[in-house]
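Engineer: If you scroll down you'll find the structure; I have some questions about it.
The values are calculated or read from the model by the stated rules, or taken from the named source; none is laboratory data. This structure is a prediction, so every number in the text was calculated from the model and none was measured. Cβ placement follows ideal geometry from the backbone for every residue including glycine, while neighbour counts extend to all protein chains displayed.
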Amino acid sequence: MKRIYTKHGMTGTKIWELWKAIRKRCNGRAKSTQLYRDKGITVCREWDSASTFIEWAESAGYSPGLQIDRIDNRKGYSPENCRFVPPRENANNKDNTILLTHNGKTQSIWRWSLETGIKAHSIHTRIVRGWSHEKALTKSISPKTKTPIINTETKEVFRTIKEAAESLGMKKGTLRSMLVGRSPNKTTMQYQ
């Protein structure tokens, strides 16, 4: 039987599992570990000790349900760069988070959604369609209005995706995927 020697008495607790997880994320053998290594993300020497990490976590506001978050994603895990936040806040602080600037204020689509009352999906779709940040964040939603599609070469305007797709001899689903960025747009069509 394997013996585990600890001084902190926290082995097997959620906070101890968290300590193990961040160390494994940066030092483990899993493929995902390479993502952290390639970016130079490490765990500070101070947190080599579970006791030290647990002490810091408790003083930094750790509680079950919160997640550890690196404030600056270009830096590693350390007391100066980490905090505990709700899962939604943590998901909002990722390398692939889209940031929009409006009236001198820069924040994520999710935060703008909370502030404007416009669904995050709607804001994201507007940005993918080429709308300016200002228009995407201020234009009211009109459920019966469809965004026209323009052929940038001929300047012909289509009221629906179906009409635009038929003019190209393709399926409307294929054109829709191109227009919203799910696949490369190999046409001269774009949302107006």
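Engineer: So THR101 fits all but one of (1) touching a strand residue (DSSP E or B) at 6+ places or on another chain (Cβ under 9 Å); (2) crowded, with 16+ Cβ neighbours inside 10 Å; what number is the exception?
Structural biologist: Just one mismatch for THR101, condition (2).
Engineer: I'd like the residue in the range 23-49 that is modelled with pLDDT of 90 or more and of a type in the set (A, V, I, L, M, F, W, C) and, out of all such residues, is surrounded by the most Cβ atoms within 10 Å (Cβ to Cβ).
Structural biologist: Applying the filter and picking the extreme gives TRP47.
Engineer: In the range 44-55, what residues are free of Cβ contacts under 8 Å to residues at least 40 places away in the same chain and either in a strand (DSSP E or B) or of a type in the set (Gly, Ala, Ser) (or both)?
Structural biologist: Selection gives SER49 alone.
Engineer: Could you look through the range 56-68, keep only residues that are crowded, with 17+ Cβ neighbours inside 10 Å and touching a residue at least 40 places away in the same chain (Cβ under 8 Å), and pick out the one that is nearest to ILE41 (Cα to Cα)?
Structural biologist: Ranking the qualifying residues of the range 56-68, first place goes to ILE68.
Engineer: Here is a follow-up. Tell me yes or no: at least one residue of the range 82-89 is among the basic types (Lys, Arg), crowded, with 16+ Cβ neighbours inside 10 Å and not in a loop (DSSP other than H, G, I, E, B).
Structural biologist: Looking through the range 82-89, at least one residue is among the basic types (Lys, Arg), crowded, with 16+ Cβ neighbours inside 10 Å and not in a loop (DSSP other than H, G, I, E, B).
Engineer: Sticking with this structure for a sec: If I filter the range 56-75 for residues that are basic (Lys, Arg) and assigned to a helix (DSSP H, G or I), do I get at least one hit?
Structural biologist: So far as the range 56-75 goes, no, none of its residues is basic (Lys, Arg) and assigned to a helix (DSSP H, G or I).
Engineer: Go through the range 150-192 residue by residue and tally those that are in contact (Cβ under 8 Å) with a residue 24 or more places away in the chain and touching an Asp or Glu at 6+ places or on another chain (Cβ under 8 Å).
Structural biologist: Residues flagged as in contact (Cβ under 8 Å) with a residue 24 or more places away in the chain and touching an Asp or Glu at 6+ places or on another chain (Cβ under 8 Å) within the range 150-192 amount to 2.
Engineer: Given the conditions (1) surrounded by 15 or more Cβ atoms within 10 Å (Cβ to Cβ); (2) farther than 17 Å from THR138 by Cα; (3) of a type in the set (A, V, I, L, M), report the number of the one that ILE71 does not fulfil.
Structural biologist: (1)
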